[in-house]
Amino acid sequence: MRPHATTTLIALTAATAILLSGCSEKKPGDPSPAQPPASSSAGLPSNGAPAVTDPIANTATVEKDPCSAIPTTEIEAIGGKVERTRTVNLSEGINCSWLFVEAPSTLSGGLVVGNKKGLSALYAQKSTGGLTTFKPVDPIEGYPAVIYANGSEGRGTCTLAVGIRDDLVYTVIPHLSSGNPLVEDPCGMATKVAAAAIKNLKGA
């Protein structure tokens with residue numbers, strides 16, 4: 001596998017961390033990522049990644065408008081009052097960024113459309129020792145998931161990737177400050193957010 005393919009999720013995480021505190025609104029006319037094929041790509045899953053048995057095909061709306069995946073009221077029920085919501089254009093897709101009133105707590109979520117290998121890219125990265133954290137967790141709403149990092153571990157931080165198709169993941173990345181009630185359990189927060197996003201994606 002080419003290095004670019006196996007590191008695409010790590011690149012997204014790093015870019016998200018940089019942009020969360022100073023991101024700009026998506027402007028009309030900005031290019032949107034192309035919709036991946038509904039069916040799994042040939043040869044996936046690979047590198048020991050689990051198969052997605054109930055792939056979600058209808059993702060076009062959330063690819064273009066990631067904040068539509070989860071109503072703000074649902075985010076607030078999970079993590080507290082939201083001050084504002086913004087979209088962040090990244091090289092691998094468009095993310096939604098929620099800034100909580102208990103600043104500088106933030107939450108990012110979105111589809112990584114630039115990664116065409118889904119969870120298999122992470123499993124490949126793990127197999128070469130490229131990750132400092134790699135922890136498969138219980139399926140979320142029936143979809144396989146992994147908590148991972150590449151040196152970005154820390155209090156109040158978690159990176160969760162959920163395979164919604166063999167060739168597509170939804171990532172959730174909380175960065176929580178001491179004022180947030182979930183600062184000691186950011187992965188628990190990420191799991192709840194991912195579950196809400198999956199329910200809404202399946203109902204779209």
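The values are calculated or read from the model by the stated rules, or taken from the named source; none is laboratory data. Keep in mind that this is a model prediction, so the values were computed, not measured. Here Cβ is always computed from backbone atoms with ideal geometry, including for glycine, and neighbour counts include all displayed protein chains.
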Q: Kindly indicate which of 174, 104, 136, 181 is surrounded by fewer than 24 Cβ atoms within 10 Å (Cβ to Cβ), assigned to a strand (DSSP E or B) and of a type outside the set (A, V, I, L, M).
A: 136
Q.
Going residue by residue through the stretch 28-50, is there one that turns out to be farther than 22 Å from residue 179 by Cβ, charged (D, E, K, R), at pLDDT below 95 and surrounded by fewer than 16 Cβ atoms within 10 Å (Cβ to Cβ)?
A. yes
Q. Which is in contact (Cβ under 8 Å) with a residue 24 or more places away in the chain, in contact with a helix residue (DSSP H, G or I) (Cβ under 9 Å, 6 or more places away or on another chain) and either closer than 26 Å to residue 99 by Cα or not basic (Lys, Arg) (or both), of 168, 176?
A. 176
Q) Is the stretch 128-135 home to any residue that is touching a helix residue (DSSP H, G or I) at 6+ places or on another chain (Cβ under 9 Å), hydrophobic (A, V, I, L, M, F, W, C), at pLDDT 95 or above and under 22 Å from residue 59 (Cβ atoms)? A) no
Q. In the set 145, 121, which member is touching a Ser or Thr at 6+ places or on another chain (Cβ under 6 Å) and under 13 Å from residue 161 (Cα atoms)?
A. 121
Q. Which residues, taken from the stretch 91-106, are in contact (Cβ under 8 Å) with a residue 40 or more places away in the chain and β-branched (Val, Ile, Thr)?
A. 94, 106
**Q.** Test: residue 88 is free of Cβ contacts under 8 Å to residues at least 40 places away in the same chain, surrounded by 18 or more Cβ atoms within 10 Å (Cβ to Cβ) and either in a loop (DSSP other than H, G, I, E, B) or of a type in the set (A, V, I, L, M) (or both)
**A.** no
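Yes/no per residue for (1) among the hydrophobic types (A, V, I, L, M, F, W, C); (2) farther than 17 Å from residue 63 by Cα; (3) in a loop (DSSP other than H, G, I, E, B); (4) in contact (Cβ under 8 Å) with a residue 60 or more places away in the chain:
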position: 108; (1), (2), (3), (4): no, no, no, yes
position: 122; (1), (2), (3), (4): yes, yes, no, yes
position: 162; (1), (2), (3), (4): yes, no, no, no
position: 187; (1), (2), (3), (4): yes, yes, no, no
Q) Taking the stretch 51-73 only, how many residues are crowded, with 17+ Cβ neighbours inside 10 Å and touching a residue at least 40 places away in the same chain (Cβ under 8 Å)? A) 9
